[in-house]
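Okay, structure first, notes after.
What follows is calculated from the coordinates using simple rules that are stated; it is not laboratory data. Everything numeric here is computed off the predicted structure, so don't read it as measured data. Backbone-built Cβ (ideal geometry, glycine too); neighbour counts: all protein chains shown.
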Amino acid sequence: MPALKDYYKILGVGETASADEIKKAFRSLARKYHPDRNQSDSSSEERFKEVQEAYETLSDSAKRAQYDRARKHPFGSAFGDAFTTGNGGRFYRSPDGTYVRMEREGPGSGSGEQDPLGGFGDLFGRFFGGDGAAGARRVEPETEVVLTFDESLEGGKVELTLPDGSKVRVPFPKGVADGYKVRLKRKVAGQQRELYVRFKVRPDGNFRRDGNDLHTKVEVTVFEAMLGGSRALSTPYGRKLKLNIPKGTQPGERLRLREQGVETESATGDLFVEIVVKIPSGLTRFEEEELRKAAEKANLI
């Protein structure tokens, strides 16, 4: 049976790499192998897919722990070695050794189920012509694929392996939003069947998305807010920006960086930075006296 892919080797990091090191490696490789930048190189798309797959697992602490255990203690299933993620999703290995991410939802997603497709056996059975539960009203199958925030920005393809061994590559555009759906059509026994793949985007710890705009916060000192200054700021795309803080900036004020938000095929949003003013504490008596003198001289108190 094929060996489990080495996600650490794919990203070029060690097994003890920190979350920041993994994220940095992913961004660098994603830019390097992105299909839009390598249209003449057919192998770059496969490499890009591997990088996405590796980052999806190693960027999540629960999935990474499961993956590390699977490398040391793999076990078999109808579809090869598998491991379950902390949020109920399951990775299983297809015949070529590729681990495919599947996310469960709804009935049958409990920890006691034995379906090697992570709860999608009945769903895919109906997709391939099965009747499902006896007497059940027919509904169009829908499944969910979870993307990291960075994956949603870059765009790409996710590969699903179906019970008959065939593979379905589902594309998603750069800047894909949470809830985006793709409809797949397939003829089974002369009948047209449809499968909807819905993309769920995990939130980012530093940036919040609103449409194509991004929102983040930057903490400054009270003196920077009063006197002005600048701060270095990194966007989710890895770009380094200089954020100018005007004199007299108020707590909670939002500064706008145009066209630094989410990039889609048709538009680019803005980046809004909320200023958080940090008030110093623990001043010495001398520092308090000096600040008071300066404030009185400037008629601030």
Please name which of Thr264, Leu291, Val220 has its Cα lying farthest along the dipole of region 208-297 towards the positive end, using unit charges on Cβ (Lys, Arg +1; Asp, Glu -1) and the Cα centre as origin. Leu291
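Work out how much length Leu184 to Ala267 would gain on full extension: take 0.36 nm times their residue separation and subtract the Cα-Cα distance, in nm to one decimal. Kindly include the intermediate steps, with their values, before the conclusion.
Details: separation 83, 0.36 × 83 = 29.88 nm, distance 2.61 nm.
Length difference between fully extended and current span is 27.3 nm.
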Can you figure out the FRET efficiency of Glu21 with Asp204, using R₀ = 22 Å and their beta-carbon distance, to the nearest 0.05? 0.80
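By how many nm would the segment from Glu159 to Arg37 lengthen if fully extended, with 0.36 nm per residue of separation less the alpha-carbon distance? All intermediate terms of the calculation are to be shown ahead of the outcome.
Details: separation 122, 0.36 × 122 = 43.92 nm, distance 2.07 nm.
Additional length available on full extension: 41.9 nm.
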Would you mind checking which residues have amide H under 5 Å from Leu214's amide H? H placed 1.01 Å from N; only 5 or more apart, or other chain. Val262, Asp270, Leu271, Phe272
